[in-house]
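Written out below as structure tokens is the structure these notes cover.
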There are 2 protein chains.
Amino acid sequence: MSEATLLQRRHQVMGDASPLFYDEPLELVQGEGVWLIDAAGKRYLDCYNNVPCVGHCHPRVVAAMAEQAATLNIHTRYLNERVVRYAESLTATFADPLDSLMFTCTGSEANELALRMARFATGNKGIIVSDYNYHGNTTTLAAVTTALPSSEPFSAHARAVPIPCLYHADGTPEQVADRYVAKVAEAIAELQAAGVGLAAMLIDTLFANEGIPRLPAGYLERVAKLVREAGGLLIADEVQSGFARTGDHLWGHQSHPLVPDIVTLGKPMGNGFPLAGLVTSRERVESFGRANLYFNTFGGSPVAAAVGQAVLDVIAEEDLQGNARRQGARLSAELHRLAERHSIIGDVRGQGLFFAVELVRDRTSREPAGPEARRIVNAMRQRGVLISKIGGDDNILKIRPPLPFQGEHGELFIHTLDQVLGEL
Amino acid sequence: MSEATLLQRRHQVMGDASPLFYDEPLELVQGEGVWLIDAAGKRYLDCYNNVPCVGHCHPRVVAAMAEQAATLNIHTRYLNERVVRYAESLTATFADPLDSLMFTCTGSEANELALRMARFATGNKGIIVSDYNYHGNTTTLAAVTTALPSSEPFSAHARAVPIPCLYHADGTPEQVADRYVAKVAEAIAELQAAGVGLAAMLIDTLFANEGIPRLPAGYLERVAKLVREAGGLLIADEVQSGFARTGDHLWGHQSHPLVPDIVTLGKPMGNGFPLAGLVTSRERVESFGRANLYFNTFGGSPVAAAVGQAVLDVIAEEDLQGNARRQGARLSAELHRLAERHSIIGDVRGQGLFFAVELVRDRTSREPAGPEARRIVNAMRQRGVLISKIGGDDNILKIRPPLPFQGEHGELFIHTLDQVLGEL
């Protein structure tokens, strides 16, 4: 069967607007570690997918899933030791008072629940997000999304604030921080003036969709303080930054001297099994639970728990956090060396095994090189390396491989990118 | 480890309000066909769970999951033949023009998406639901939920209508139909007068939460006509009634001479794997997709597709629809015989392997026997048979076993219920 025929069949049954990567879509049949294999047997180095965080089809995760699915797969209205044990293991990785867990299946559901909880806890309705965010696909989340086309009008109860990046913003770091903290203060004042107050600020503390900006020191802590002074909660979405991705910590927010009020988890949590949830204080979970009968049929099944535990175990035993730190540092150095030879690279930013390589037509004007980014992403795919792009101007290469990424993979990636940039 | 200690540990990490079945919660360790096994090795006949529709831990479903999870588990932004093939198999079971599929992970996500799609397609905002409904746990769905406690205020854009039941309503079936159809007309007029119009009526055509009412002939078709005349869509939630449950058809709505505009699927779709979605016309999927970049990370992965296909295959090859029809008819006859001996049984209703046994203190007044229902559900659990209860007065026994339910299981269930009713 040709890819063209399969694409046609897909259009027929899933519609022609269902999103696909690459100008020439890729038909995949197998995954293994950091590799993906297409229908013709060609191997692709996966430098994009964070869902298979411990590697595609990790045998230990697959075995945990299969074994538990053959034993018991049931919802949480019955007791099950495995589920409780996983919830204990997971919450133990957070600072006080983040000691309790609610299970969902997707990051969208986790962020929905976090916003419901924030509105309930604060009595307020207002939400602050970034001006290039995506936190999920429900009505409420689509109505605060700024990074994707949506038929939902932007919520009258929400405000979108720009996130500072020292590569872009003029002035000293202190001046930049002052300016952007003031924008959050303004948004809070507007929500208060509109009579809805502030329920929560919902952010990915790595700001992955925004292009992993270089934040000025103190910015996030000052924002968190403002949010709390206004009676709101700080919700940290760890769907992209969590599970050892940043190398230095298990959670992205731990790179900053702050503890969020609610942390939402998703994508890498089950290495591809639909597992997500939120972590917050026991008091918050219990007061919400007394006012709401919240139940999630598939959330926190013994299979989900077995998979989630296997992911945590593999991260620890294979030292994938240390690997993200070490390989991330190597890759960072290599990317900076590439920048010396290719003037289209305006900036290299990132943390651990997550990089944003911003492409510009001119280093002084920083004019975004969006079409070039698209050509590069597609040329990399043709040469067997999978990356993507992010940012409001579509000009930032997004590099985010599975965590068992080794030196040889980094070399192949850098070599291929070097060639592609050279042929641009 | 005692159940008391495990319960305490669960409260510690999941909060004390996380819902559990039974006065004495059940610690489960294993599932097999229609059986669930607790930590002490005691076997329980599962007459409640519809998620494991082809039976707990069905080996074929587990093998499909394990094999695909070891091969490739990735999102739908790449092509994959298995995913397209499953979408084709599934949509082939629906009448025209229901030929296209959008994948989600949960029924909540499917109903969210259906409402977003209905509002987009109609340009209206109003939603009609039943007055004892539950369609999901997101903000939008919680704001139209009437069957569970929720901190979300009931939406100003929604109206809840009562569903007719010939056991309860006075008059001829024609009079009852007229009266209850008029309530839908009233709700539509109110939404139009409020300036929001009608986007959709969202219902389970079996009305499972409402207690599987005896609908007067023609009611649903007349309601569907009104909804469409007002420019709204009819959304049929098949999360409880779908996947051969009703015996006569694969889908609950097929018991009525109507074709919904959107069908939402969930719970039994993956036999416990988080798999859900919606089916509608290709035109509707494509026009929504052009205005919205809708993406669901785990929805429609090759693993989800392999599991979903295995469920469809097992339903067909084990003739579980025929089994639901045959065993349902036997069980129905036995329940009616029980009703002759136990005056607390006011009515026996149902379809296929889904029964509502309404308990009353007096057959003339039909005074609900809610506390008795609770005692019966707990006494059945103590005797090794799992059921639950539904309905606004909490007085309706809910009997909904996995579909491979055989005559011997029916006999055990009836025998146990007979004893428990006798000792009441």
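The values are calculated or read from the model by the stated rules, or taken from the named source; none is laboratory data. Remember, it's a predicted structure, so these values are computed and weren't measured experimentally. Here the Cβ is made from the backbone with ideal geometry for all residues, glycine too, and neighbour counts use every protein chain on show.
Scanning the stretch A:277-297 for residues that are buried (at least 19 other Cβ atoms within 10 Å of the Cβ) and either touching a Phe, Trp or Tyr at 6+ places or on another chain (Cβ under 9 Å) or more than 7 Å from chain B (Cβ to nearest Cβ) (or both) returns A:GLY277, A:LEU278, A:VAL279, A:THR280, A:ARG284, A:PHE288, A:ASN292, A:TYR294, A:ASN296.
When A:GLY232, A:GLY211, A:GLY247, A:GLY266 are screened for being among the small types (Gly, Ala, Ser), crowded, with 19+ Cβ neighbours inside 10 Å and within 14 Å of chain B (Cβ to nearest Cβ), only A:GLY266 passes.
Looking across A:GLU423, A:GLU372, A:GLU408, one residue alone is surrounded by fewer than 23 Cβ atoms within 10 Å (Cβ to Cβ), charged (D, E, K, R) and under 30 Å from A:ALA316 (Cβ atoms). It is A:GLU408.
Out of (1) in contact with a helix residue (DSSP H, G or I) (Cβ under 7 Å, 6 or more places away or on another chain); (2) within 26 Å of B:GLN351 (Cα to Cα), the odd one out for B:LEU198 is which? Tallying (1) in contact with a helix residue (DSSP H, G or I) (Cβ under 7 Å, 6 or more places away or on another chain); (2) within 26 Å of B:GLN351 (Cα to Cα), B:LEU198 fails exactly one: (2). State which residue pairs qualify: first residue more than 13 Å from B:ILE376 (Cβ to Cβ) and inside the stretch B:411-424, second residue modelled with pLDDT of 95 or more and not charged (D, E, K, R) in any location, beta carbons under 6 Å apart, and separation of 6 or more residues or different chains. Between residues of the stretch B:411-424 that are more than 13 Å from B:ILE376 (Cβ to Cβ) and residues that are modelled with pLDDT of 95 or more and not charged (D, E, K, R), the close pairs are B:LEU412/B:LEU45.
Suppose the filter is within 7 Å of chain A (Cβ to nearest Cβ) and not aromatic (Phe, Trp, Tyr); does B:GLN8 pass it? Against the criterion (within 7 Å of chain A (Cβ to nearest Cβ) and not aromatic (Phe, Trp, Tyr)), B:GLN8 does not qualify.
The residue that is farthest from the other protein chains (Cβ to nearest Cβ), counting only those in the stretch A:139-177 that are crowded, with 22+ Cβ neighbours inside 10 Å and part of a helix (DSSP H, G or I), is A:ALA177. Just checking, does the stretch B:340-353 include any residue being surrounded by fewer than 16 Cβ atoms within 10 Å (Cβ to Cβ), small (Gly, Ala, Ser) and not in a helix (DSSP H, G or I)? Looking through the stretch B:340-353, at least one residue is surrounded by fewer than 16 Cβ atoms within 10 Å (Cβ to Cβ), small (Gly, Ala, Ser) and not in a helix (DSSP H, G or I).
Per the listing B:ARG374, B:ARG349, B:ARG383, the residue uniquely among the basic types (Lys, Arg), touching an Asp or Glu at 6+ places or on another chain (Cβ under 8 Å) and within 23 Å of B:LEU20 (Cβ to Cβ) is B:ARG374. Considering each of A:SER332, A:SER365 in turn, give the residue that is in a loop (DSSP other than H, G, I, E, B), without any contact (Cβ under 8 Å) to a residue 60 or more places away in the chain and not assigned by TED's automatic domain parsing to the domain that holds A:ALA208. Sole residue among the options that is in a loop (DSSP other than H, G, I, E, B), without any contact (Cβ under 8 Å) to a residue 60 or more places away in the chain and not assigned by TED's automatic domain parsing to the domain that holds A:ALA208: A:SER365.
Does at least one position in the stretch B:227-242 carry a residue that is more than 24 Å from B:GLY211 (Cβ to Cβ), part of a helix (DSSP H, G or I) and not assigned by TED's automatic domain parsing to the domain that holds B:ASN49? Yes, the stretch B:227-242 contains a residue that is more than 24 Å from B:GLY211 (Cβ to Cβ), part of a helix (DSSP H, G or I) and not assigned by TED's automatic domain parsing to the domain that holds B:ASN49.
Anything in the stretch A:262-284 that is assigned to a helix (DSSP H, G or I) and within 28 Å of B:ASN50 (Cα to Cα)? List them, or say none.
A:LYS267, A:MET269, A:GLY270
Restricting attention to the stretch B:103-138 and to residues that are outside any loop (DSSP other than H, G, I, E, B) and polar (S, T, N, Q), the residue that is farthest from the other protein chains (Cβ to nearest Cβ) turns out to be B:SER130. Test A:LEU6 against the criterion of being free of Cβ contacts under 8 Å to residues at least 24 places away in the same chain, surrounded by 17 or more Cβ atoms within 10 Å (Cβ to Cβ) and not in a loop (DSSP other than H, G, I, E, B), and give yes or no. Judged against the criteria, A:LEU6 is a match.
Is at least one residue of the stretch B:80-93 of a type in the set (Lys, Arg), part of a loop (DSSP other than H, G, I, E, B) and either in contact with a Gly (Cβ under 9 Å, 6 or more places away or on another chain) or in the same structural domain as B:ASN296 (by TED's automatic domain parsing) (or both)? No, the stretch B:80-93 contains no residue that is of a type in the set (Lys, Arg), part of a loop (DSSP other than H, G, I, E, B) and either in contact with a Gly (Cβ under 9 Å, 6 or more places away or on another chain) or in the same structural domain as B:ASN296 (by TED's automatic domain parsing) (or both). Considering the stretch A:74-88, the residues that are of a type in the set (Ser, Thr, Tyr) and at the interface with chain B (Cβ under 7 Å from one of its Cβ atoms) include one that is surrounded by the most Cβ atoms within 10 Å (Cβ to Cβ), namely A:THR76. The lone criterion from (1) in a helix (DSSP H, G or I); (2) within 14 Å of chain A (Cβ to nearest Cβ); (3) within 30 Å of A:GLN68 (Cα to Cα) left unmet by B:LEU312 is number (2).
The set of residues in the stretch A:284-318 that are touching a residue at least 60 places away in the same chain (Cβ under 8 Å) and of a type in the set (Gly, Ala, Ser) comprises A:SER287, A:ALA291, A:GLY299, A:GLY300, A:SER301, A:ALA304, A:ALA305, A:ALA306, A:GLY308, A:ALA310.
For every residue, the table says whether it meets (1) within 28 Å of B:ASN378 (Cβ to Cβ); (2) touching a Ser or Thr at 6+ places or on another chain (Cβ under 7 Å).
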position: B:LEU26; (1), (2): yes, no
position: B:LEU36; (1), (2): yes, no
position: B:LEU45; (1), (2): yes, no
position: B:ARG60; (1), (2): no, no
position: B:ALA66; (1), (2): no, no
position: B:THR71; (1), (2): no, no
position: B:THR76; (1), (2): no, yes
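A search for C-beta distances below 7 Å between a residue of the stretch A:12-32 that is at the interface with chain B (Cβ under 7 Å from one of its Cβ atoms) and any residue that is among the acidic types (Asp, Glu) and assigned to a loop (DSSP other than H, G, I, E, B), counting only pairs 6+ apart in sequence or on different chains, returns nothing. Checked against (1) at the interface with chain A (Cβ under 9 Å from one of its Cβ atoms); (2) assigned to a helix (DSSP H, G or I), B:GLY300 passes all but a single condition, namely (2). Whether a residue is over 25 Å from A:ASP394 (Cβ atoms) and facing another protein chain (nearest Cβ under 7 Å) was assessed, and A:THR71 passes this test.
Going by the structure shown, is B:ARG43 more than 7 Å from chain A (Cβ to nearest Cβ) and not polar (S, T, N, Q)? Yes; evaluated as a whole, the condition is true for this residue.
Looking across the stretch B:35-62, the residues that are of a type outside the set (Phe, Trp, Tyr), surrounded by fewer than 21 Cβ atoms within 10 Å (Cβ to Cβ) and without any contact (Cβ under 8 Å) to a residue 24 or more places away in the chain come down to B:ILE37, B:ASP38, B:ALA40, B:GLY41, B:PRO59.
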